[in-house]
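The values are calculated or read from the model by the stated rules, or taken from the named source; none is laboratory data. For clarity, every value in this text was computed on a predicted model and none was experimentally measured. All Cβ positions, glycine included, derive from the backbone under ideal geometry; neighbour counts span all protein chains shown.
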Amino acid sequence: MRVVVTGAAGFIGSQVTGALSGAGHEVLAVDAPRRSPTPVLARRTWDEVAARPGVTAVETDLAVDDLDPVAAADVVIHLAGRPGVRSSWGGGRAAAERDNVLATARLLAACARRPARLRPRVVVASSSSVYGSAPHRPNREDDPLDPASPYAVSKVEVERLARAAARDGLRTVLLRYFSVYGPRQRPDMAFHRFVEAALDGRPLPVFGDGRKSRSFTHVRDVVAATLAAAVEELPPGVALNVGHSEPVTVRAAIGVLAEVLGVRPEIRREAPVAGDAALTWADTGRARELLGWTARVDLAAGLADQIAWHRALRRQEAGAVVA
Ligand SMILES: NC(=O)c1ccc[n+]([C@@H]2O[C@H](COP(=O)([O-])OP(=O)(O)OC[C@H]3O[C@@H](n4cnc5c(N)ncnc54)[C@H](O)[C@@H]3O)[C@@H](O)[C@H]2O)c1
């Protein structure tokens with residue numbers, strides 16, 4: 001299977017590329033590391049991804065460059081974009097429009113231009129943020145969408161484009177990821193900030209009062225769902241929740257983190273973020289039915305995994321300074 005992964009220098013994209021390479025697939029890895037808000041980190045991940053067996057890495061800006069080579073695949077897994085609710089207010093809004101909406105529109109158009117029998121299946125990253133805050137029950141895929149930030153609005157647009165392409169004959173699938181964590185998590189995300197602070201002995205920076213709940217989902221589970229969506233015959237344009245079915249409050253997650261680390265961290269409260277949902281809660285019935293997928297990694301094991309990665313990174317960086 002010839003697979004294209006966009007966003008391959010990113011958190012989820014690098015893990016998906018690694019899993020495909022490990023399974024012996026030929027992968028065209030695509031990214032524009034300079035478009036990442038953390039370009040130095042993206043460049044380092046990009047170099048690691050490019051060195052994997054079976055991987056060809058080609059720097060491509062999806063909003064500008066010729067995408068015909070990117071569309072020449074059996075499957076395109078589209079994970080490139082500008083994530084994050086917080087950064088999408090103000091200056092980040094233009095980046096969300098460019099790297100989420102425009103980039104996806106151009107990619108889908110390139111895939112649709114292929115002769116019908118050569119058109120790839122396209123797996124597109126969406127987000128739980130399209131729902132807004134969940135009501136007092138899990139969010140189902142058919143629930144009305146209520147985006148509350150420029151980022152969430154951009155993902156609703158991405159979904160519309162993918163559904164329109166499906167009506168025109170492209171086999172698209174939308175994966176609504178819920179708060180992904182684990183090794184290589186982005187530095188702007190909560191657990192990354194908490195673990196770094198705890199390892200430095202600093203107070204943990206928490207937005208708001210810590211009562212918000214999330215369906216925290218380990219990246220290993222996210223990779224499994226993404227690879228399953230890449231191979232299963234699915235209704236074109238279908239959306240699937242990819243999230244842990246048990247939401248946990250940020251406070252409770254910090255409790256688990258503290259236990260795994262064996263510390264009693266102080267908390268530093270920061271102003272709440274506009275558009276940040278009070279609760280995200282994934283109903284995963286559809287993913288179970290169509291992909292045979294359910295999240296398996298529990299929070300304590302998943303956080304232990306992420307902490308091990310932060311520690312390894314610190315050892316690596318300390319070694320680089322000594323050498
Ligand atoms: N991490 C999460 O919890 C989460 C939750 C919901 C949805 N998502 C979505 O999943 C996808 C991957 O998220 P992530 O956390 O791995 O983000 P990430 O920022 O780590 O990775 C995104 C990658 O896309 C690349 N990119 C940006 N603009 C590009 C362009 N124009 N052309 C080519 N490459 C470009 C960046 O350089 C980066 O490497 C995103 O679409 C995101 O919105 C993530």
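Just a few scattered comments:
- Subset of region 169-183 that is away from the ligand (no atom under 12 Å from the Cβ) and either crowded, with 20+ Cβ neighbours inside 10 Å or outside any loop (DSSP other than H, G, I, E, B) (or both) - its residue that is farthest from the chain's Cα centre (by Cα): Leu170
- Restricting Arg119, Arg114, Arg160 to residues that are free of Cβ contacts under 8 Å to residues at least 60 places away in the same chain and touching a Cys at 6+ places or on another chain (Cβ under 7 Å) narrows the list to Arg119.
- Neighbours by Cβ (under 6 Å, 6+ apart or cross-chain): first from region 196-212, under 8 Å from Arg268 (Cβ atoms); second of a type in the set (Gly, Ala, Ser) and in a helix (DSSP H, G or I): Leu204/Ala197
- Residue list for region 76-126, restricted to those being aliphatic (A, V, I, L, M), in a helix (DSSP H, G or I) and buried (at least 24 other Cβ atoms within 10 Å of the Cβ): Ala96, Ala103, Leu107, Leu108
- Members of region 28-55 that are more than 10 Å from the ligand (Cβ to nearest atom), in contact with a helix residue (DSSP H, G or I) (Cβ under 8 Å, 6 or more places away or on another chain) and not hydrophobic (A, V, I, L, M, F, W, C): Glu48, Arg52, Pro53, Gly54
- The residue list Ala229, Ala166 contains one member that is farther than 30 Å from Arg269 by Cα and surrounded by fewer than 21 Cβ atoms within 10 Å (Cβ to Cβ), which is Ala166.
- Criterion: in contact with a strand residue (DSSP E or B) (Cβ under 8 Å, 6 or more places away or on another chain), of a type in the set (A, V, I, L, M) and assigned to a helix (DSSP H, G or I) - qualifying residue of Ala287, Ala258: Ala287
- Within region 184-206, the residues that satisfy the criterion of being surrounded by fewer than 22 Cβ atoms within 10 Å (Cβ to Cβ), closer than 24 Å to Pro39 by Cβ and touching a strand residue (DSSP E or B) at 6+ places or on another chain (Cβ under 6 Å) are Arg193, Ala197, Pro205.
- Test: Arg82 is in contact with a helix residue (DSSP H, G or I) (Cβ under 9 Å, 6 or more places away or on another chain), modelled with pLDDT under 95 and either of a type in the set (Ser, Thr, Tyr) or within 30 Å of Ala277 (Cβ to Cβ) (or both): no
- Failed item, numbered, when Val64 is tested on (1) closer than 25 Å to Arg113 by Cβ; (2) crowded, with 24+ Cβ neighbours inside 10 Å: (2)
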